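The values are calculated or read from the model by the stated rules, or taken from the named source; none is laboratory data. Keep in mind it's a predicted model, so treat the numbers as computed, not measured. Using ideal geometry, Cβ is built from the backbone for each residue, glycine included, and neighbour counts are taken over all protein chains shown.
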Amino acid sequence: MPEVKEHPLIFTGESPTAILDGRKTQTRRVVARANTNVDGQGRCTENEFWSWRWFDFDSDYVFADPGPSPSGNLGPYLHVPHQERGNPDPAWRSVHRLYPIWAVGDRLWVREAWAVAREWDGFRPRNLPHGIPVFYHAGPPKAFPGIIGKVRPSIFMPRWASRITLEITEVRVQRVQEISEEDACEEGLEYDRGEPEMQGNRLSGFRPVYPDPIYAKDKFHSLWDSINAKRSVYKKRLPNGTAQLRTAEERRKAYPYSWDNNPWVWALTFKLLGETNA
């Protein structure tokens with residue numbers, strides 16, 4: 001029987017609580033170097049990633065394919081043609097297939113904001129003794145807050161400190177704006193009808209009038225941009241800030257992950273396998 005693959009995945013805010021409550025069973029992640037296998041050969045290296053930035057992806061011809069690929073790799077994958085910048089010669093055009101690093105049956109262990117007892121604040125995560133009590137930032141207020149140490153970023157959570165393990169049940173690739181209202185609800189967001197206001201008079205009678213509803217998809221739109229709109233492809237801050245990006249197209253390419261730019265995403269559906277260290 002093949003070994004089950006495990007992957008760490010960061011969840012922010014109250015997402016861990018929504019998972020535990022059964023309200024969140026999906027997550028979407030931008031198709032990026034860190035979560036993508038190229039042509040079935042593994043993730044591209046740092047140098048390859050930066051060289052790819054100087055290629056123009058022909059977005060008009062990118063499409064999602066459910067798979068399998070001609071070489072037999074399971075889908076889904078992105079069929080991505082590109083050509084060298086400034087060279088319109090079709091002979092330079094090539095095609096790559098981008099696959100997610102995740103597959104159905106793989107497990108995810110959740111990384112989230114966390115803390116240990118104050119006495120361990122001077123220790124790095126790798127030096128902490130396994131099995132000491134762990135406190136999680138998401139959720140209701142903790143008892144005895146005076147003993148809890150500093151909040152540690154989710155990126156530094158070790159495997160033994162994770163309390164949530166998930167199993168992937170479906171992997172899709174889509175544009176972020178393709179999310180449906182139902183999928184937005186599975187992301188842990190809710191349709192909000194609002195509180196009614198009674199309007200009318202004694203003669204005609206009173207009736208409840210509801211405000212314009214706030215759909216789960218609209219909430220997801222706002223949440224997405226709060227996390228991704230300011231993410232840049234540049235690893236370091238530009239010397240002159242955004243002023244160095246003279247055109248709207250340059251700014252779009254520097255900050256490509258906003259809702260309006262409609263990036264490609266890996267859409268993962270999962271189920272909760274268990275909770276530990278609670």
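What to note about this one:
- Scope region 150-162; condition closer than 15 Å to THR12 by Cα, over 19 Å from the mean Cα position of the chain (by Cα) and not hydrophobic (A, V, I, L, M, F, W, C); matching residues: ARG152
- Tabulated pairs, region 221-234, first farther than 13 Å from GLN177 by Cα, second part of a helix (DSSP H, G or I) and at pLDDT below 85, C-beta under 8 angstrom, 6+ apart or interchain: SER232/ALA254; VAL233/LYS253; VAL233/ALA254; TYR234/ALA254
- Checking region 204-215 against the condition returns no match, with no residue being modelled with pLDDT of 90 or more, surrounded by 14 or more Cβ atoms within 10 Å (Cβ to Cβ) and farther than 23 Å from ARG33 by Cβ.
- Residues being closer than 23 Å to LYS24 by Cα, free of Cβ contacts under 8 Å to residues at least 60 places away in the same chain and loosely packed, with under 11 Cβ neighbours inside 10 Å - total across region 107-166: 2
- Every residue from region 167-182 that is in contact with a helix residue (DSSP H, G or I) (Cβ under 8 Å, 6 or more places away or on another chain), closer than 12 Å to GLN26 by Cβ and surrounded by 13 or more Cβ atoms within 10 Å (Cβ to Cβ): ILE179
- Wholly enclosed strands (runs of 3 or more DSSP E) of region 1-84 bearing at least 1 residues modelled with pLDDT of 90 or more and touching a strand residue (DSSP E or B) at 6+ places or on another chain (Cβ under 7 Å): 6-10, 26-30
- Residues that are outside any loop (DSSP other than H, G, I, E, B) and either more than 18 Å from PRO66 (Cβ to Cβ) or modelled with pLDDT of 90 or more (or both), drawn from region 91-107: ALA91, TRP92, SER94, PRO100, ARG107
- Candidates GLY105, GLY131, GLY122, filtered to the one that is within 30 Å of ALA32 (Cα to Cα) and either in contact with a helix residue (DSSP H, G or I) (Cβ under 7 Å, 6 or more places away or on another chain) or not aromatic (Phe, Trp, Tyr) (or both): GLY105
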